[in-house]
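These notes concern the structure reproduced below.
The values are calculated or read from the model by the stated rules, or taken from the named source; none is laboratory data. As the structure is a computational prediction, the values presented were derived from the model and not from experiment. Cβ: placed from backbone, ideal geometry, glycine included. Neighbour counts: every protein chain shown.
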Amino acid sequence: MRAYVAALALLLPLAACSSDPAAEPDAAPTPATPTAAAPTAAEPVWNPCEDLAAGPVGRALGADLTEETGTDDTPRCAFLPVEKGGPTLNVTYVWYAGGFEKAWAGMGQIEGRVTDVDIAGAANARLVVNARRGVVLVTGFVKTGDLIETVNAIQLAPYDRAAVVDATTEVMVTLSRHAPASEKAAASRG
């Protein structure tokens with residue numbers, strides 16, 4: 001549990017919206033870092049924040065949030081609390097042709113309650129909910145084509161577990177609805 005909380009705590013403020021075009025289909029995807037996502041003039045980086053907004057995400061989480069999309073050199077898709085201790089949500093992604101179950105297996109042991117979710121347009125979707133006395137962590141994975149998007153939400157106590165789960169699921173639905181069909185299509189939107 002501590003490792004999961006620590007990893008998620010580090011992930012939320014530092015996560016980038018990025019892709020890993022060099023990923024081998026037989027290798028499990030690895031998390032990208034903001035510096036790994038630095039675009040070049042010929043290669044714009046798509047950001048899933050294009051299809052999300054702080055107002056609806058904040059209403060779903062029951063708090064005022066600000067949206068941070070980073071810069072061209074360090075893209076990011078994060079919704080951060082206006083008030084200290086409020087909920088945080090971020091989105092990352094990876095292009096991976098190896099399949100959802102292979103990617104899932106490559107993540108190793110994930111602590112929390114795992115549930116498959118039915119989301120229109122998604123080949124696979126899964127939620128991991130880890131609620132403890134002081135914090136609720138919800139991670140959603142949604143796969144459309146070769147795109148796997150990850151939504152991480154965290155809220156400290158007192159928290160509304162159902163609201164965090166619902167908000168994460170709502171973001172996953174939006175991401176699935178607006179997912180680019182390919183990496184090339186994503187680049188043209190970047």
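Among the residues of the range 146-166, those identified as crowded, with 18+ Cβ neighbours inside 10 Å, under 15 Å from residue 117 (Cβ atoms) and more than 12 Å from the chain's Cα centre (by Cα) are 164, 165.
Taken over the range 54-76, residues that are out of contact with any strand residue (DSSP E or B) (no Cβ under 6 Å at 6 or more places or on another chain), part of a helix (DSSP H, G or I) and surrounded by 18 or more Cβ atoms within 10 Å (Cβ to Cβ) amount to 2.
Does residue 154 qualify as being aliphatic (A, V, I, L, M), modelled with pLDDT of 95 or more and over 29 Å from residue 82 (Cα atoms)? Step through it out loud before you land on a result.
Numbers: aliphatic (A, V, I, L, M): yes; modelled with pLDDT of 95 or more: yes; over 29 Å from residue 82 (Cα atoms): no.
So residue 154 does not fit the description; no.
Taken together, the residues in the range 98-145 that are surrounded by fewer than 19 Cβ atoms within 10 Å (Cβ to Cβ), in contact with a Phe, Trp or Tyr (Cβ under 7 Å, 6 or more places away or on another chain) and farther than 25 Å from residue 87 by Cα amount to 2.
Out of the residues in the range 79-97 that are in a loop (DSSP other than H, G, I, E, B) and in contact (Cβ under 8 Å) with a residue 60 or more places away in the chain, state the one that is surrounded by the fewest Cβ atoms within 10 Å (Cβ to Cβ).
85
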